[in-house]
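The values are calculated or read from the model by the stated rules, or taken from the named source; none is laboratory data. Quantities reported herein were computed from a predicted structural model and do not represent experimental measurements. No Cβ is skipped: glycine too gets one built from the backbone with ideal geometry, and neighbour counts run over all protein chains shown. Just the protein is used for accessible areas: all its heavy atoms, side chains included, with ligands, DNA and RNA removed. Shrake-Rupley method; radii C 1.70, N 1.55, O 1.52, S 1.80 Å.
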Amino acid sequence: MKRIFSLILFVFTLFLCPMQSVKADFTPSYTNFTPSYTNSINHFGIGAARVTNFVEIYEKPDLNSKAVYRIYWNNIGNFITSNKKGSTKPSDIFLLYQPAENQVFLSVEDEDEEWLNVCYNQKKQLFGWLKKENGKNGAKFYSYKDLFFEYGKKYGLYTFRNLPETKKSLHSSPNTDSSVVDKFDYPKFISPWLIQGNWMLAKVVTMDNKTKTGWFNWRAPDGTLYGFVNVK
């Protein structure tokens with residue numbers, strides 16, 4: 001019954017948002033995707049776009065320009081793309097893909113008042129324009145500072161496995177010249193209390209259930225992230 005309902009929903013969606021003559025491709029159920037290594041996110045950009053169940057990406061920041069890519073999914077894991085220049089793998093497209101909770105994010109290269117320039121293929125570095133939130137099918141922009149604070153408060157954060165040893169430190173203040181008050185190896189999660197620039201005052205819980213507190217350098221000056229939201 002759920003599959004029949006999902007098919008009806010998809011046909012109805014296509015009727016409301018007609019696609020050009022493209023080949024749709026069903027991909028096996030991907031109920032969750034989060035990056036594990038820094039090289040699994042090939043484009044960080046300035047932040048992330050939270051998108052809903054239907055995404056239409058344009059060649060230019062203009063609704064009359066060519067739609068270069070379309071993506072649809074539902075909360076039982078069916079994933080469909082227009083399959084032209086992009087990819088049919090959520091791990092190639094999204095920073096975070098969790099359709100059951102509608103937690104789906106694309107990395108953002110740039111923004112203006114109405115549009116977001118997003119990366120829709122992490123491996124090939126393909127970019128297009130996405131309309132900001134204005135009704136059901138829009139996108140909401142989060143700077144990484146806002147994303148890490150809002151969703152980090154809810155889910156916690158985790159560090160990438162190839163985090164440099166020099167970054168596994170907690171400082172007394174938000175700068176590299178401050179004293180190191182504690183260190184960690186593989187934390188269970190990190191809970192942010194306050195974020196200032198590329199630093200966060202955080203509580204770190206280690207694998208042996210010890211709690212450590214201090215300033216963690218969560219992002220490099222060039223924008224490279226050292227971890228991500230711990231959505232499971």
**Prompt:** Expressed in nm to one decimal, what extension gain is obtained for the pair T166 and E113 from 0.36 nm per residue of sequence separation less their Cα-Cα distance?
**Reply:** 15.2 nm
**Request:** Quick one: P(r) of the stretch 129-232 from all Cα-Cα pairs, 5 Å bins, percents rounded to integers, in order of increasing distance.
**Result:** 2, 13, 23, 24, 17, 8, 5, 4, 3, 0
**Message:** Rounded to the nearest percent, how much of the accessible area of the stretch 73-214 (1.4 Å probe, protein heavy atoms only) is carbon and sulfur?
**Reply:** 45 percent
**Fill in**
Between S179 and T206, the FRET efficiency computed from the C-beta separation at R0 = 30 Å comes out, to the nearest 0.05, as 0.90
**Request:** Taking amide H positions as placed in the peptide plane 1.01 Å from N, state which residues far from Y120 in sequence (5 or more) or on other chains have amide H under 5 Å from it.
**Result:** L126, F127, G128
**Request:** Kindly rank 61-68, 222-229 from highest to lowest mean number of other beta carbons found within 10 Å of each residue.
**Result:** 222-229, 61-68
**Request:** In Å and from the alpha-carbon atoms only, list the Rg and Dmax of the stretch 34-114.
**Result:** 12.9, 38
